[in-house]
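Scroll down for the structure; my scribbles are underneath it.
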Amino acid sequence: MTREKIKQTKYLSGGTAGDRNPNYGKFKYHNTQQSYKQFRNRVIVLTERVKEQIEGYAENKRGRAGIPGAYQIDHIRPIIDCWYEGWTPEQVSDLTNLRFISWEENLKRRKYKGNIMKKSIEVRIDIEGLHCWDDCNLPNVQYLKYPHRHTFQVACMLEVGHSNRETEFIDFKHKIRSYIQEKWYDVTYNCCNFGSMSCEHIAEDLLVQFNLNKCSVSEDGEFFGIVEK
């Protein structure tokens, strides 16, 4: 290994910021939010210049997140970390810090303030409906044994893998509403009839049906049943 390669490899090997980069804190990009944008833009420009030299670049298709079989350029040491630690853009975009990986793997590595980002969407639907508590054994609320009306406020949260409409809000809401109407609509009462199901029962059904990570169902926005994975 050449002296230059040894020097470059040292930046990737751990230790303190000063160990990895003797120029820590000394270059013009450091310290402000605006300077981070300049730093990142410079890294991207330099990375694009050497992209065809990255192992696997020629054999795999480059593309955006969500495209089947797409690969993306990954900075082994993330750009934001390098900025904090005082790397230069040339060091960050060196081939020793670059690789070509699937978009799924790249998403898992993305960081925000030191934590892996998790992304979810949420849709909310108001459903007019009836239910009852057949086995109610509380003297002061015996009326719950009989069908009574609520506006059931449903909130469905679904985890997504990327930011570009993996699941579109409006379409997702329509699917949930259609499912509820087809399964529980009662023509006799001209609204949904959930029978003896509690809010938690309804939420659990929707959680399983749509592979949600969280679902809440409330009675008129006052009492909530929440189910989550």
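The values are calculated or read from the model by the stated rules, or taken from the named source; none is laboratory data. Fair warning: this is a prediction, and the values are worked out from it, not measured in the lab. Virtual Cβ from ideal backbone geometry, glycine too; neighbours counted across all protein chains shown.
Any idea which residue in the stretch 73-105 is nearest to Val160 (Cα to Cα), counting only those that are part of a strand (DSSP E or B) and β-branched (Val, Ile, Thr)?
Here the residue is Ile101.
Considering only residues that are outside any loop (DSSP other than H, G, I, E, B) and of a type in the set (D, E, K, R), look in the stretch 127-145 and name the one that is surrounded by the fewest Cβ atoms within 10 Å (Cβ to Cβ).
Glu128
Quick one: how many residues across the stretch 58-72 are free of Cβ contacts under 8 Å to residues at least 60 places away in the same chain and either crowded, with 17+ Cβ neighbours inside 10 Å or assigned to a helix (DSSP H, G or I) (or both)?
Total meeting the criteria: 2.
What do you reckon, is His162 assigned to a loop (DSSP other than H, G, I, E, B) and assigned by TED's automatic domain parsing to the domain that holds Thr188?
Yes.
Which of the residues that make up the stretch 146-164 are within 17 Å of Gly195 (Cβ to Cβ) and surrounded by fewer than 15 Cβ atoms within 10 Å (Cβ to Cβ)?
Tyr146, His148, Arg149
Residues of the stretch 152-184 being of a type in the set (Val, Ile, Thr) and in contact with a Ser or Thr (Cβ under 9 Å, 6 or more places away or on another chain), which ones?
Val154, Val160
Checking Asp94 against (1) under 19 Å from the mean Cα position of the chain (by Cα); (2) in contact (Cβ under 8 Å) with a residue 60 or more places away in the chain: exactly one of these is not met. Which one?
(1)
Within the stretch 170-177, is there a residue that is in contact (Cβ under 8 Å) with a residue 12 or more places away in the chain and closer than 22 Å to Pro147 by Cα?
Scanning the stretch 170-177 turns up at least one residue that is in contact (Cβ under 8 Å) with a residue 12 or more places away in the chain and closer than 22 Å to Pro147 by Cα.
Looking at (1) over 19 Å from Trp83 (Cβ atoms); (2) touching a helix residue (DSSP H, G or I) at 6+ places or on another chain (Cβ under 9 Å); (3) at pLDDT 50 or above, can you tell me which one Thr9 breaks?
(3)
Take the residues in the stretch 204-229 that are surrounded by 13 or more Cβ atoms within 10 Å (Cβ to Cβ) and in a helix (DSSP H, G or I), then tell me which one is nearest to the chain's Cα centre (by Cα).
Leu207
Going residue by residue through the stretch 180-203, is there one that turns out to be touching a residue at least 24 places away in the same chain (Cβ under 8 Å), in a helix (DSSP H, G or I) and acidic (Asp, Glu)?
Yes: the stretch 180-203 contains one or more residues that are touching a residue at least 24 places away in the same chain (Cβ under 8 Å), in a helix (DSSP H, G or I) and acidic (Asp, Glu).
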